[in-house]
Amino acid sequence: MQARTAEVQRETLETRIRVRVDLDGTGQTRLDTGVPFFDHMLDQVGRHGLLDLEVEAQGDLQIDAHHTLEDIGITLGQAFAKALGDKRGIRRYGHAYVPLDEALARVVVDCSGRPGLVHEVDYRRARIGEFDVDLIHEFLQGFVNHAGVSLHVDSLRGRNAHHIAETVFKALGRALRMAVEADPRAAGTLPSTKGAL
């Protein structure tokens, strides 16, 4: 299988983003988003998804982190789609359940080419430290819209907001890892009855 890597840059009046991803990596990350908690969450995606992930972002954080996280989602989605290529021989679907102490999340993904997000998570409070939990949805929406994936994210239980968020991002990494893996039985075929994804 040829290298599945991509680098995408996005620049607007609000943000400057650079993302590099290797879908067949070892979980190495280099993250500098200006939002420390979000760096911690992206690190979970890389490490548990065995994705090599680099994200550099400068955004209008003096306003808040909304534009930065949304644009990181967009740029990561574009890089993911570019790295995935024609999708021949992949499993296409991935899922993961991840616990952390009292918290448990389930993430299911379909690399269908059709964007869709169901994000049913009660983070139990509005902020984790200085981080606004509403921005997780904005990041995920940007990602699915530009990666062309259908993503279902559910928190099945949990009390601690940090634990809940961390299970979501770990499960996201694991589900993506499963979905993009080469299926040895697929022999380079496209996993769709339509003949297109």
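The values are calculated or read from the model by the stated rules, or taken from the named source; none is laboratory data. None of the values given here were measured: they were computed from a predicted structure. Cβ coordinates were reconstructed from backbone atoms using ideal geometry, including for glycine residues, and neighbour counts include every protein chain displayed.
Might you check whether a residue that is assigned to a strand (DSSP E or B), out of contact with any Cys (no Cβ under 8 Å at 6 or more places or on another chain) and farther than 26 Å from Leu190 by Cα occurs anywhere in region 85-96?
Checking region 85-96: not a single residue is assigned to a strand (DSSP E or B), out of contact with any Cys (no Cβ under 8 Å at 6 or more places or on another chain) and farther than 26 Å from Leu190 by Cα.
Is it the case, given these coordinates, that Ala126 is of a type in the set (Gly, Ala, Ser) and touching a residue at least 40 places away in the same chain (Cβ under 8 Å)?
On the way: of a type in the set (Gly, Ala, Ser): yes; touching a residue at least 40 places away in the same chain (Cβ under 8 Å): no.
No.
Would you please list the contacts, defined by Cβ atoms under 6 Å and residues six or more apart or on different chains, that run from a residue in region 3-18 that is touching a residue at least 12 places away in the same chain (Cβ under 8 Å) to a residue that is crowded, with 18+ Cβ neighbours inside 10 Å and among the polar types (S, T, N, Q)?
Final answer for the pair search is Val8/Thr75; Val8/Gln78; Arg10/Thr75; Thr15/Thr68; Ile17/Thr75.
Yes or no: region 159-178 includes at least one residue that is of a type in the set (Phe, Trp, Tyr), within 15 Å of Ala81 (Cα to Cα), part of a helix (DSSP H, G or I) and under 15 Å from the mean Cα position of the chain (by Cα).
Residues of region 159-178 that are of a type in the set (Phe, Trp, Tyr), as a first pass: 169.
Right, trim to within 15 Å of Ala81 (Cα to Cα) and you get none.
No, region 159-178 contains no residue that is of a type in the set (Phe, Trp, Tyr), within 15 Å of Ala81 (Cα to Cα), part of a helix (DSSP H, G or I) and under 15 Å from the mean Cα position of the chain (by Cα).
Would you tally the residues in region 128-143 being more than 21 Å from Pro99 (Cα to Cα) and out of contact with any helix residue (DSSP H, G or I) (no Cβ under 7 Å at 6 or more places or on another chain)?
Summing the residues that are more than 21 Å from Pro99 (Cα to Cα) and out of contact with any helix residue (DSSP H, G or I) (no Cβ under 7 Å at 6 or more places or on another chain) in region 128-143 gives 3.
Just one of Leu42, Leu53, Leu76, Leu69 is of a type outside the set (D, E, K, R), outside any helix (DSSP H, G or I) and modelled with pLDDT of 95 or more; which is it?
Leu53
To keep it simple, each residue is scored yes or no on (1) touching a Leu at 6+ places or on another chain (Cβ under 6 Å); (2) modelled with pLDDT under 95; (3) farther than 14 Å from Glu181 by Cα; (4) surrounded by 16 or more Cβ atoms within 10 Å (Cβ to Cβ).
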residue	(1), (2), (3), (4)
Thr12	no, no, yes, no
Thr15	no, no, yes, yes
Val19	yes, no, yes, yes
Gly27	yes, no, yes, yes
Arg30	no, no, yes, no
Val35	no, no, yes, yes
Leu61	no, no, yes, no
Arg91	no, no, no, yes
Pro99	no, no, yes, no
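May I ask you to list the residues in region 107-152 that are surrounded by 18 or more Cβ atoms within 10 Å (Cβ to Cβ), in a helix (DSSP H, G or I) and of a type outside the set (Asp, Glu)?
Leu135, Ile136, Phe139, Leu140, Gln141, Gly142, Phe143, Val144, His146, Ala147
Which numbered condition in (1) crowded, with 17+ Cβ neighbours inside 10 Å; (2) over 12 Å from the mean Cα position of the chain (by Cα) is the only one that Leu51 fails?
So the condition that Leu51 fails would be (2).
In region 22-51, which residues are touching a residue at least 60 places away in the same chain (Cβ under 8 Å) and among the basic types (Lys, Arg)?
Arg47, the sole residue that qualifies.
Working only within region 179-190, note down all residues that are surrounded by fewer than 18 Cβ atoms within 10 Å (Cβ to Cβ) and within 23 Å of the chain's Cα centre (by Cα).
Passing the criteria: Glu181, Ala182, Asp183, Leu190.
Return the residues of region 79-89 that are under 30 Å from Gly158 (Cβ atoms) and either more than 13 Å from the chain's Cα centre (by Cα) or at pLDDT below 95 (or both); say none if nothing qualifies.
none
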